[in-house]
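Taken together, the values in this text are just the output of simple stated rules run on the coordinates, not laboratory data. Just so it is clear, the model here is predicted, and its values are computed rather than measured. Cβ placement follows ideal geometry from the backbone for every residue including glycine, while neighbour counts extend to all protein chains displayed.
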């Protein structure tokens, strides 16, 4: 059973047990436009909550992607190296960025649920 | 409240059309303009190279400069050769400052003279237009400057542009590259230039504001035409190796450093007579300290404006002035300035992005071969 949570910076985290798959939301990819490059973190590095973990480059600009929670990077989506457009085509599926081992499950309570994130987007558009 | 109203971006005659077409509006040079439409920058870029893109460039400044000896007098502000410019022909040039830097770059068309003297049609950059027009009025008070605020400017660019436009403006397809003609559409007078900012064959069309929407609508009904925003306008001009004012050229760069020597004729190089001529003469005689170069990155990560350029020893030797992903090449490209010793093709350098060196090599521009209209010799 997985649960998807969101940040105000438009990252999502799909929590499964003590780890989470992180990417950027469909709204975020739409705002960025065509993604042409993703700089992923190295496996094994630790990130604090809110710390930069990746960079996504669209045809328009470079944007930072932050760790939704603190933890160690345990996997990255190597497919993005050859096919960064997956971020546009399937942001919540094949376009995931990295997997993080959640250091403090308590940090999850500060994230938005789907209803909260939808309300945030509604306020932006 | 008043100040907010004053700061609200201006709207071009096509504003409502951009919204209706799903344009993502941004402020650019004081105007609300679409960075892209629903299909996105990549698709718009590739469509322009394959068929024809329609761009709203109504934010640019348009004016007539007229009076006795207007061409010769304007030569006192630009290094371009206007005396040799025939009626109906267009010259690309720059307003230079006393230090030989570039105040703006512009297109100058010589029109047929009338009883009061010579007539020139100018198109200048949006961000510079107020300063350019003030500069003209201060320096050339004896000439008449008519700013055409009630005219829109559209660009139709791409290999299908000529065939499409010919259906509306018969005869337009044989207009020579860098020449202009007057055409009438539904009673409106259009000034059509065979020029552009994409490296493709195409046209820039000055038309009354009231005609802009119906004319754009007619073109957009064509299967071979789609609207294109500022994002693809920038990636297209970058692939074409064309300078963007305020980025690749500015008040500190000279036309020679910028690789625009081709826009200064032999006579003007020898005679001077424009602001900053001494610097241009010195640089032409071998006194260049930096040159604009094309940079082809080896990897997939783009380097953007401001990135430092380092040599193999890690010494910073220049800076990127434009950079991004080249949709037609499927890889990142950039332009920047380097000392002449590093400006030779195939020189290997590193572009520093987020503290990491990205390998790149100096290449000739354009990155994508241009396809301007060059009819076969009879």
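Table for the structure above
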{"quantity": "Two-site FRET efficiency, residue A:72 against residue B:354, from Cβ-Cβ distance with R₀ of 22 Å, rounded to 0.05", "calculated": "0.55"}
{"quantity": "Counting DSSP beta bridges with both ends in chain B, the antiparallel % (nearest 5)", "calculated": "90 percent"}
{"quantity": "Value of Rg/Rh across the protein assembly as shown [Cα atoms, Kirkwood radius]", "calculated": "1.02"}
{"quantity": "Choice from B:141, B:340, B:302 showing the highest fluctuation, given a GNM over chain B with Cα pairs closer than 10 Å", "calculated": "B:141"}
{"quantity": "Two-site FRET efficiency, residue B:184 against residue B:87, from Cβ-Cβ distance with R₀ of 25 Å, rounded to 0.05", "calculated": "0.85"}
{"quantity": "Range of Cα positions in segment B:1-145 per principal axis (Å), largest first", "calculated": "48, 46, 35"}
{"quantity": "Quarter of Cα convex hull surface for segment B:289-363, i.e. mean projection, nm²", "calculated": "4.3 nm²"}
{"quantity": "Burial order of peptide ranges A:19-29, A:69-79 (average beta-carbon count within 10 Å, highest first)", "calculated": "A:19-29, A:69-79"}
{"quantity": "For segment B:80-199: span of alpha carbons on each principal axis (Å, largest first)", "calculated": "46, 35, 30"}
{"quantity": "Cα-Cα pairs of segment B:276-328 separated by more than 15 Å (percent)", "calculated": "60 percent"}
{"quantity": "Directionally averaged projected area (convex hull, Cα atoms, segment A:43-90), nm²", "calculated": "3.7 nm²"}
{"quantity": "Segment B:51-99-segment A:1-73 distance, computed between alpha-carbon centres (Å)", "calculated": "49 Å"}
{"quantity": "For segment B:173-198 versus segment B:328-349, the gap between their alpha-carbon centres in whole angstrom", "calculated": "35 Å"}
{"quantity": "Cα-only Debye scattering, segment B:39-84: base-10 log of I(q)/I(0) at q = 0.17, 0.23, 0.30 Å⁻¹", "calculated": "-0.68, -0.82, -1.09"}
{"quantity": "10 Å Cβ neighbours from other chains, averaged over peptide A:31-41", "calculated": "4"}
{"quantity": "Candidates B:115, B:209, B:218, ranked by Gaussian network fluctuation over chain B, Cα under 10 Å, top entry", "calculated": "B:115"}
{"quantity": "Over chain B - Rg/Rh using Cα atoms and the Kirkwood inverse-distance radius", "calculated": "0.96"}
{"quantity": "Cα point-scatterer Debye curve for segment B:240-288, base-10 log of I(q)/I(0) at q = 0.13, 0.18, 0.20, 0.33 Å⁻¹", "calculated": "-0.30, -0.56, -0.69, -1.35"}
{"quantity": "Cα gyration tensor shape of chain A, rounded if a/c is under 1.5, else prolate or oblate by comparing a/b with b/c", "calculated": "oblate"}
{"quantity": "Over chain B, relative contact order from alpha-carbon pairs under 8 Å, at least 6 apart, %", "calculated": "17 percent"}
{"quantity": "Of B:223, B:142, B:283, the one that fluctuates the most in a GNM where chain B has Cα springs shorter than 10 Å", "calculated": "B:223"}
{"quantity": "Largest to smallest principal axis extent of the C-alpha atoms in segment B:131-213, angstrom", "calculated": "43, 30, 19"}
{"quantity": "Peptide A:51-57, shielding by other chains (average Cβ, 10 Å cutoff)", "calculated": "2"}
{"quantity": "Within chain A, helix-based [θ] at 222 nm, where runs of 4 or more DSSP H residues each add -39,500 (n - 2.57), nearest 500", "calculated": "-5000 deg cm²/dmol"}
{"quantity": "Alpha-carbon Rg with Dmax, taken over segment B:224-309, Å", "calculated": "16.3, 48"}
{"quantity": "Partner chain coverage, peptide B:209-221 - average Cβ within 10 angstrom", "calculated": "0"}
{"quantity": "Residues residue B:98 and residue B:310, FRET efficiency given R0 of 30 Å [Cβ-Cβ distance, rounded to 0.05]", "calculated": "0.35"}
{"quantity": "Helical contribution to [θ] at 222 nm, DSSP H n ≥ 4, -39,500 (n - 2.57), averaged over chain B, rounded to 500", "calculated": "-5500 deg cm²/dmol"}
